[in-house]
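Worksheet: the structure to be examined is printed underneath.
The values are calculated or read from the model by the stated rules, or taken from the named source; none is laboratory data. The model shown is predicted, which means the values in this text are computed figures rather than measured ones. All Cβ positions, even for glycine, are placed from backbone atoms using ideal geometry, and neighbour counts span all protein chains on display.
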Amino acid sequence: MSLDQVKRAPLPERRAHRAAGRGADGADGAAAGHRRRDRRAGRWWTPWLFLAPALLLFLYFKFIPMANALTMSFQEVQPYLGNRWVGTENYATVLGSDGFRDAAWHTVVLAAGQTAGSMLLGLALALLMEGQGRRLGFVRSAAFLPVVVPIAVVAELWRIMYHPTEDGMVNSLLGLVGFGPSGFINDPDSSLVSIMVTGIWRGAPYDMMIFLAGLASVDRGLYEAAKVDGASRFQRVRHVTVPGLRSVFSILFILAAIRGLRVFTEVFLLTNGGPDGSTEVVMTLIYKLGLEQNRLGVGAAGAVLLFLMTLILTIAVHLVRRRESK
Amino acid sequence: MNAPTETALGLTESRSPGGRLLKALTYLLVLVVFAGPLLALLVSAFSKVKDPTQLSVIPSAATLDNFRIAFDQGVLAYLLNSFFVVGFGLLLQVAVSVLAGYALARKVFPGMTLVLVAILATLMLPEEILALPLSLILADLPVVHFNLIGTLAGMIVPLGAWGFSILVMTEFMKDVPKELEEAARIDGAGDLRIFAQIILPMCKPALGVIGVFGFTMIWDQYLLPLLVATDSSSYTLPLALRTLRIDPDVTPGVVLAASLLALLPSVIVFLFFQRSFVHGLSSGALKG
């Protein structure tokens, strides 16, 4: 969806085009038909009537909450007592607290690890499973299943798989290749990585599907040419496939990074920030501040900062893309 | 038989026994890693699983006990809540999306760019960030002063408008030929009739796409039900999984049985509508 399409056909131009299309009718006929159509096409508010439900719902559940989050972040929110304006105090509290800095760091590490892991694994899967064939289609569908499984189920399943004793499912698999039992989500040293692995497991097949769609649009002729020139498989991927997927990379990067920054449910269900705060991310912290400790102003300030992080990331990637395409 | 087309790795052409073996091993590894855990879930839900270490793909003493205990724990009520939320949520979302899509695709009006920017903005606005103010608004809707906390409506209405569905609908409705609409207008049809009898019937594939995506999105909701639900009577099934797990009397097998019930609907929808799903996924992501 691009806005250019809207700009391309502004009101007068479109009408002129339509009138011209009538051709043989002559100018008068076109003008008359034009007036008649205007009447039939409804009043100016017809489109707004069609848009009303969507706009109303967006207003109530997106824009008003957003505005409220902004105001709340500058206030001490006291139900029944009235809110007190405290300026940037909430932001100072948030930025000055070790808890938030740790959570922000965990969030960034988790987002970066999940994004990189899902994209690399997704690309590898897509390259391995490109092409046609019924068996291939089956394997791809099966690999895609984690994406459609509700996140709450994914978390409960991995919780059981991560059972920290030797006979836990993942541990017994690790035991087969000679690695000792790991505490996974119960051990502060491995908890964040364990959540990351779960995230990659769910994210990689999604990236795989998008990469597969992108691979389909890479020019086959270039592969043939590379083959004639004696390029190895690696060189083909490096010089033909990867450049052909550039736009896919940046889109996936934005999507995955934003997904990573707003991570909540997996962490909430797998560790709820523990053990020892080793997996506390910004969203679980905000949830605790706001809904458990009732410090809504501070929580809102954290949310606004998180929003700014995602916004900056989105804009940065767009700018890089624009420069690249020039 | 069509000739295999050239791919990046050129694996499709490998007809040698070694190449085939390599391919088979790759596929097997992929299946084990991504489908394996789900298979383990399926098998364990039907086995006597007493302690969490016994998750296994090898069935042991098949039993329906887990499901029976799960139903004793009220899983059926949670499942019905989930179906209620996804049913009405999807109905609302599709209705809102086709109406908005019609205006954006078939009309040109001042303020249209602003509306599109606003819709795109909602897509960039992660719902998690709005959790706190949203929970306050749900407790007391501005102007009308409804309290949606503790009601299933509170999990449905906020999902009514989804930017993704609206944009998919808009794109699709743009492609309906102008001539059809013109002809109907000359016959004296108004906007509502053109919308319902001309445009909408031509958008069935797009309805499939937004239906499948809307279903998966609503079924996967966790944070919103968490904000809205006050007690177990309004829990959806995903939400109830955690309560089940925390309950000391409940074995992991029961949690897995409930998990299976929670994942089946979205998996079934995906398997049935794979085409729509993959199509929507690639068009949504690649068109940007």
Problem set entry | Checking A:Asp276 against (1) facing chain B (nearest Cβ under 10 Å); (2) surrounded by fewer than 22 Cβ atoms within 10 Å (Cβ to Cβ); (3) over 24 Å from the mean Cα position of the chain (by Cα), the condition it does not meet | (1)
Exercise. Within the group A:Phe249, A:Phe253, A:Phe234, which residue is assigned to a helix (DSSP H, G or I), of a type outside the set (Lys, Arg), without any contact (Cβ under 8 Å) to a residue 24 or more places away in the chain and more than 8 Å from chain B (Cβ to nearest Cβ)?
Worked result: A:Phe234
Exercise. Taking region B:237-259 as the region of interest, how many residues are of a type outside the set (A, V, I, L, M), within 9 Å of chain A (Cβ to nearest Cβ) and in contact (Cβ under 8 Å) with a residue 40 or more places away in the chain?
Worked result: 3
Exercise. Which pairs do you get when a residue that is facing chain B (nearest Cβ under 7 Å) and among the acidic types (Asp, Glu), found in region A:148-161, comes within reach of a residue that is assigned to a helix (DSSP H, G or I) and crowded, with 24+ Cβ neighbours inside 10 Å, reach meaning Cβ atoms under 7 angstrom, with the pair 6+ apart or on two chains?
Worked result: A:Glu156/B:Leu241; A:Glu156/B:Val255; A:Glu156/B:Ser259
For this session: Considering every residue within region A:249-261, establish whether at least one is over 26 Å from B:Leu130 (Cβ atoms) and at pLDDT 85 or above.
Result: yes
Seminar exercise, completed: Out of (1) within 22 Å of the chain's Cα centre (by Cα); (2) crowded, with 23+ Cβ neighbours inside 10 Å, the one A:Ile151 does not meet is (2)
Exercise. So B:Val176 clears everything in (1) in contact (Cβ under 8 Å) with a residue 24 or more places away in the chain; (2) within 22 Å of the chain's Cα centre (by Cα); (3) surrounded by fewer than 21 Cβ atoms within 10 Å (Cβ to Cβ) except one condition, right? Which one?
Worked result: (2)
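Going by what's in this entry, would B:Ala262 be described as small (Gly, Ala, Ser), facing another protein chain (nearest Cβ under 8 Å), out of contact with any strand residue (DSSP E or B) (no Cβ under 8 Å at 6 or more places or on another chain) and touching a residue at least 40 places away in the same chain (Cβ under 8 Å)?
Judged against the criteria, B:Ala262 is a match.
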For this session: Considering each of A:Ala111, A:Ala103 in turn, give the residue that is in contact with a Gly (Cβ under 6 Å, 6 or more places away or on another chain), crowded, with 17+ Cβ neighbours inside 10 Å and either more than 7 Å from chain B (Cβ to nearest Cβ) or among the acidic types (Asp, Glu) (or both).
Result: A:Ala111
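Return yes or no: is A:Val218 of a type outside the set (Phe, Trp, Tyr) and farther than 25 Å from A:Asn272 by Cα?
When the stated conditions are applied, A:Val218 passes them.
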Exercise. Quick one: is B:Ala183 more than 7 Å from chain A (Cβ to nearest Cβ), out of contact with any helix residue (DSSP H, G or I) (no Cβ under 8 Å at 6 or more places or on another chain) and in a helix (DSSP H, G or I)?
Worked result: yes
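Mind checking which residues of region B:129-142 are more than 8 Å from chain A (Cβ to nearest Cβ) and either of a type in the set (Lys, Arg) or surrounded by 16 or more Cβ atoms within 10 Å (Cβ to Cβ) (or both)?
The answer is B:Leu138, B:Ala139.
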Exercise. Looking at this structure, is A:Met72 surrounded by 14 or more Cβ atoms within 10 Å (Cβ to Cβ) and under 30 Å from A:Met196 (Cα atoms)?
Worked result: no
For this session: Would you check which residues across region B:82-128 are of a type in the set (Val, Ile, Thr) and either within 7 Å of chain A (Cβ to nearest Cβ) or surrounded by fewer than 20 Cβ atoms within 10 Å (Cβ to Cβ) (or both) and list them?
Result: B:Val94, B:Val96, B:Val108, B:Thr113, B:Val115, B:Val117, B:Thr122
For this session: Mind checking which helices (runs of 4 or more DSSP H) fall wholly inside region B:188-288 and carry at least 2 residues that are crowded, with 18+ Cβ neighbours inside 10 Å, in contact with a Leu (Cβ under 8 Å, 6 or more places away or on another chain) and aliphatic (A, V, I, L, M)?
Result: B:204-219, B:223-228, B:237-246, B:252-272
For this session: Please find, within region A:225-239, the residue that is farthest from the chain's Cα centre (by Cα) out of those that are surrounded by 14 or more Cβ atoms within 10 Å (Cβ to Cβ) and within 18 Å of A:Leu125 (Cβ to Cβ).
Result: A:Arg233
Problem set entry | Criterion violated by A:Asp189 - all others in (1) within 24 Å of the chain's Cα centre (by Cα); (2) away from every other protein chain (no Cβ under 11 Å) satisfied | (1)
Exercise. Right, B:Asp247: in contact with a helix residue (DSSP H, G or I) (Cβ under 6 Å, 6 or more places away or on another chain), charged (D, E, K, R) and at pLDDT below 90 or not?
Worked result: no
For this session: Collect the residues in region B:143-171 that are more than 15 Å from A:Leu55 (Cβ to Cβ), within 10 Å of chain A (Cβ to nearest Cβ) and without any contact (Cβ under 8 Å) to a residue 24 or more places away in the chain, keeping them in residue-number order.
Result: B:Val144
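Yes/no matrix, rows are residues, columns are (1) under 24 Å from B:Ile218 (Cβ atoms); (2) in a helix (DSSP H, G or I); (3) in contact with an Asp or Glu (Cβ under 7 Å, 6 or more places away or on another chain); (4) modelled with pLDDT under 90:
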| residue | (1), (2), (3), (4) |
| --- | --- |
| A:Thr165 | no, no, no, yes |
| A:Gly175 | no, yes, yes, yes |
| A:Pro181 | no, no, yes, yes |
| A:Pro188 | no, no, yes, yes |
| A:Gly203 | yes, yes, no, no |
Seminar exercise, completed: Of (1) surrounded by fewer than 22 Cβ atoms within 10 Å (Cβ to Cβ); (2) at pLDDT 90 or above, A:Val267 fails just (1)
For this session: Go through (1) surrounded by 17 or more Cβ atoms within 10 Å (Cβ to Cβ); (2) closer than 15 Å to B:Ala100 by Cα one by one and return the number of the condition B:Glu181 breaks.
Result: (2)
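In region B:260-288, which residue that is of a type in the set (Gly, Ala, Ser) and under 24 Å from B:Leu123 (Cα atoms) is modelled with the highest pLDDT?
Among residues in region B:260-288 that are of a type in the set (Gly, Ala, Ser) and under 24 Å from B:Leu123 (Cα atoms), the one modelled with the highest pLDDT is B:Ser266.
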